[in-house]
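For reference, the structure discussed in these notes is given below.
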Amino acid sequence: MCTMSNENLISVDYEVFGRVQGVFFRKYTQAEGRKLGLVGWVRNTDAGTVQGQLQGPRSQVKEMQEWLKSTGSPKSHVTKSEFKNEKAVDSLEHSSFNVVK
């Protein structure tokens with residue numbers, strides 16, 4: 001586990017639009033978030049989007065935002081990704097990266 005103390009921690013909420021349900025998007029998002037050492041959550045919405053929160057070092061969060069915008073799961077088709085409520089945090093509010101039902 002790499003140390004995160006030397007870089008600013010940020011938190012950001014996200015919502016991803018397009019064909020993102022029924023294509024393992026949440027599972028891949030969780031795996032990618034964990035790979036980058038981020039914490040947070042991801043869930044499907046009734047509106048057919050996927051939303052959640054990312055927390056971790058700024059550079060890793062930015063990398064995850066790019067992944068959510070342009071990559072996603074293999075069968076997904078992302079049309080738009082929105083990020084809001086970005087803020088600096090003193091400590092991580094989640095212990096891991098979870099799929100929320």
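The values are calculated or read from the model by the stated rules, or taken from the named source; none is laboratory data. The structure displayed is predicted, hence computed values, not measured ones. With ideal geometry, Cβ positions are generated from the backbone for all residues, glycine too; neighbour counts draw on all protein chains shown. For the accessible areas, the whole protein counts, side chains as well, though only heavy atoms, and no ligand, DNA or RNA atoms are used. Shrake-Rupley method; radii C 1.70, N 1.55, O 1.52, S 1.80 Å.
Pick out the one residue from GLY52, GLY37, GLY48 that is closer than 17 Å to LEU92 by Cβ and either without any contact (Cβ under 8 Å) to a residue 40 or more places away in the chain or part of a loop (DSSP other than H, G, I, E, B) (or both). Can you show your working first?
Details: GLY52 fails: either without any contact (Cβ under 8 Å) to a residue 40 or more places away in the chain or part of a loop (DSSP other than H, G, I, E, B) (or both); GLY48 fails: closer than 17 Å to LEU92 by Cβ.
Answer to the selection: GLY37.
Kindly indicate whether any position in segment 10-23 is in contact (Cβ under 8 Å) with a residue 24 or more places away in the chain, out of contact with any helix residue (DSSP H, G or I) (no Cβ under 6 Å at 6 or more places or on another chain), open to solvent by less than 60 Å² (accessible area, probe 1.4 Å) and not in a strand (DSSP E or B).
Yes, segment 10-23 contains at least one residue that is in contact (Cβ under 8 Å) with a residue 24 or more places away in the chain, out of contact with any helix residue (DSSP H, G or I) (no Cβ under 6 Å at 6 or more places or on another chain), open to solvent by less than 60 Å² (accessible area, probe 1.4 Å) and not in a strand (DSSP E or B).
Any chance segment 36-51 includes a residue that's surrounded by 13 or more Cβ atoms within 10 Å (Cβ to Cβ) and among the basic types (Lys, Arg)?
So far as segment 36-51 goes, yes, one or more of its residues are surrounded by 13 or more Cβ atoms within 10 Å (Cβ to Cβ) and among the basic types (Lys, Arg).
Looking for whichever is free of Cβ contacts under 8 Å to residues at least 60 places away in the same chain and among the acidic types (Asp, Glu) here; the options are GLU93, GLU82, GLU32. Which one fits? Even if it seems obvious, please write down each step before you answer.
Values: GLU93 fails: free of Cβ contacts under 8 Å to residues at least 60 places away in the same chain; GLU82 fails: free of Cβ contacts under 8 Å to residues at least 60 places away in the same chain.
Sole residue among the options that is free of Cβ contacts under 8 Å to residues at least 60 places away in the same chain and among the acidic types (Asp, Glu): GLU32.
Can you tell me which residues in segment 55-79 are of a type outside the set (A, V, I, L, M, F, W, C), in a strand (DSSP E or B) and surrounded by 14 or more Cβ atoms within 10 Å (Cβ to Cβ)?
Our first condition is that a residue be of a type outside the set (A, V, I, L, M, F, W, C); within segment 55-79, this holds for 55-60, 62-63, 65-66, 69-77, 79.
Still in the running and in a strand (DSSP E or B): 55-57, 77, 79.
Hits for segment 55-79 are GLN55, GLY56, PRO57.
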